[in-house]
Amino acid sequence: MNQQTEPRTLVLALGNPIRSDDGVGVAALRCLEADRRVSRSVDLVEGGTKGLELVPYISGISRLLVLDAVDVGTVAGTILCVRDEELRSLPGNGNVHDLALADILNALRLLGQEPQEIVLLGIQPDTTELGTSLSKSVESSLQLLVEAAIAQLSLWADCKTIQPRDSGEAAGIGLASPAMKGRLDSE
């Protein structure tokens, strides 16, 4: 019997909160935990630096939203959005989390459990030196990251199922309008 189920959504925060801006994903997750706009049906997981240990948490998830610091050599505090196939060709020098995420996604693909939709929202760090607070530039962009995450979750909430395109590819869902994306990228 083929039974239709609601797509499951997971927000996964990566990063190390004792390495300054590297903890921005975890800081954003804390904000989402307290935000009433986030549906109780969305799973929120602090993945830290666990790498492949996270595979069981993601297995069977339809939609994966990853929050992390992503160093692509741009201005500190810049919000970045990377989707699906783009994750495999992330520009710049990858950090340990980028590599761990690629390893996780490859393992899920091999197991036939890769999420149908994957979005990475990140912030360009200023520093990842030892420290427990975010830099000023990253701290000032934290709420923008949270709002971008809520916008993505809202888009997914409006979609009851993920419909394939005529070519057989999964339908893509945008983060926001081009004007909103431009605003997020420029701030």
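The values are calculated or read from the model by the stated rules, or taken from the named source; none is laboratory data. All figures in this text were calculated on a predicted structure; none of them were measured in a lab. Here the Cβ is made from the backbone with ideal geometry for all residues, glycine too, and neighbour counts use every protein chain on show.
Values computed for the structure shown
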read-out: Conditions (1) in contact with a strand residue (DSSP E or B) (Cβ under 7 Å, 6 or more places away or on another chain); (2) farther than 23 Å from residue 155 by Cβ: number failed by residue 29; value: (2)
read-out: Members of the range 97-110 that are exposed (fewer than 13 other Cβ atoms within 10 Å of the Cβ) and at pLDDT 80 or above; value: 109, 110
read-out: Where a residue in the range 40-63 is touching a residue at least 60 places away in the same chain (Cβ under 8 Å) and under 16 Å from residue 116 (Cα atoms) and its partner, wherever it lies, is charged (D, E, K, R) and not in a strand (DSSP E or B), with Cβ under 7 Å and at least six apart; value: 62/8
read-out: Test: residue in the range 118-127 that is of a type in the set (Asp, Glu), modelled with pLDDT of 95 or more, under 13 Å from residue 67 (Cα atoms) and not in a strand (DSSP E or B); value: no
read-out: Top-ranked residue in the range 4-32 [being among the hydrophobic types (A, V, I, L, M, F, W, C), within 16 Å of the chain's Cα centre (by Cα) and within 17 Å of residue 126 (Cβ to Cβ); ranked as surrounded by the fewest Cβ atoms within 10 Å (Cβ to Cβ)]; value: 26
read-out: Filter result for residue 43 (among the acidic types (Asp, Glu) and buried (at least 20 other Cβ atoms within 10 Å of the Cβ)); value: no
